[in-house]
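Every number in this text was worked out from the coordinates using simple rules, so none of it is lab data. Predicted, not measured: the structure shown is a model, and the values here were computed from it. Here the Cβ is made from the backbone with ideal geometry for all residues, glycine too, and neighbour counts use every protein chain on show.
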Amino acid sequence: MKHITAITEMQEFCRSLRREGKTIGFVPTMGFLHDGHLSLMRTARAENDVAVASIFVNPTQFGPNEDLDRYPRDAEGDAMKCAAAGVDVLFLPATAEMYAGAPAVFVTVEKLSEVLEGAIRPGHFRGVATVVTKLFNIVQPNRAYFGQKDYQQCAVIRRMAAGLNMGVDIRALPTMRESDGLAMSSRNVYLDPEQRRKATCLYRALSAAAELVRAGVHEPEKVRQKMRAVLLAEKGVEIDYAEIVDPDTLVPLDRMQDRMVLLVATRVGSTRLIDNLLVL
Ligand code: AMP
């Protein structure tokens with residue numbers, strides 16, 4: 001596996017691959033890799049001639065009181081995992097090079113970025129859209145792989161890629177979970193054993209709500225109440241939102257429809273956890 005840190009070297013390398021007619025599959029991450037990340041990498045490897053992964057803890061997507069400074073890192077372990085997942089090139093740009101000077105250029109995806117996570121974390125999706133645009137411009141991938149775990153992020157990136165004619169095929173892959181249902185996340189490492197136990201309430205809330213939907217409940221409000229009840233049954237779990245929305249617009253539903261997505265966001269102690277389930 002090749003390691004590249006300089007932006008121009010990455011750009012040159014990918015340009016030469018494209019000239020040779022090779023397809024590039026790209027997986028952007030913030031590192032501290034788990035099986036969720038690795039499933040994206042394995043798929044990128046299987047579907048393309050060359051698999052590129054990046055590790056970059058992107059400061060512009062963190063709010064002032066968020067966990068940028070303590071975000072978990074494991075450069076050596078991550079490199080071994082990438083190699084084992086079949087990654088050909090690992091891109092590790094430096095913050096000083098990615099954001100040289102005072103950044104003045106940003107990418108904003110209106111509407112989709114303003115609700116749910118965007119309402120709680122102002123500026124978050126502007127940071128995500130900006131860094132993903134930069135990474136796409138550097139790597140010039142044919143396909144890019146994201147996790148449905150971050151459902152709204154997938155929606156924002158799809159809209160961005162379509163709206164700016166980026167010519168990158170955006171692929172969203174299923175959420176990888178621990179055996180008790182907890183969605184894998186780099187942030188799970190913050191949880192103490194008691195909190196780790198409580199954290200299963202996100203998946204339990206989503207599953208209970210999905211069951212209600214399948215049983216034919218007619219009112220979205222009942223679905224929201226169900227999720228809130230399951231979450232609040234765990235002491236110390238605070239709810240940011242528990243919603244049932246349209247899967248494309250992310251607008252909260254006032255009546256049931258064929259396709260819906262359930263989304264929850266909580267704080268367990270000081271750790272923010274999100275999860276979602278698509279109900280078809
Ligand atoms: P992150 O390192 O948190 O920025 O995540 C990098 C990519 O991995 C994003 O596309 C995430 O949606 C995806 N991802 C994170 N957790 C999971 C998971 N449990 N299953 C599948 N994909 C995931």
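List of remarks:
- 5 Å binning of all Cα-Cα separations within the stretch 3-128, expressed as whole percents from 0 upward: 2, 10, 17, 18, 19, 17, 12, 4, 1, 0
- Counted charge near K226, where neighbours are those whose Cβ lies closer than 14 Å (Asp, Glu -1; Lys, Arg +1): +1
- For the stretch 21-92, the C-alpha radius of gyration sits at 1.17 times the compact-globule guess of 2.2 N^0.38 Å, with N the residue count.
- Normalised contact order of the stretch 206-280, rounded percent, pairs of Cα under 8 Å and 6 or more residues apart: 30 percent
- Most mobile of L112, L68, L92 in a GNM of the chain (Cα contacts under 10 Å): L68
- Over the C-alpha trace of the stretch 84-222, radius of gyration and Dmax come out as 18.2, 56 angstrom.
- An ellipsoid equivalent to the stretch 127-191, defined through the eigenvalues of its Cα gyration tensor, has semi-axes of 26, 12, 10 Å when rounded to whole angstrom and sorted largest first.
- In the chain, the DSSP beta bridges split such that about 50 percent are antiparallel, to the nearest 5.
- In loop segments of the stretch 166-237 as defined by DSSP, the trypsin sites (Lys or Arg not before Pro) with at most 11 further C-beta atoms inside 10 Å of their C-beta are K235.
- Gyration tensor (Cα) of the stretch 181-254, equivalent ellipsoid semi-axes in angstrom: 24, 14, 11
- Rotationally averaged projected area of the chain (alpha carbon convex hull; nm²): 14.8 nm²
- Among P93, P28, P103, the largest mean-square fluctuation in a Gaussian network model of the chain (Cα springs under 10 Å) belongs to P103.
- Summing charges over all other residues whose Cβ lies under 9 Å from the Cβ of A44, with Lys and Arg as +1 and Asp and Glu as -1, gives +3.
- When the chain is treated as a GNM with alpha-carbon contacts under 10 Å, the residue of A53, A129, A104 showing the greatest mean-square fluctuation is A104.
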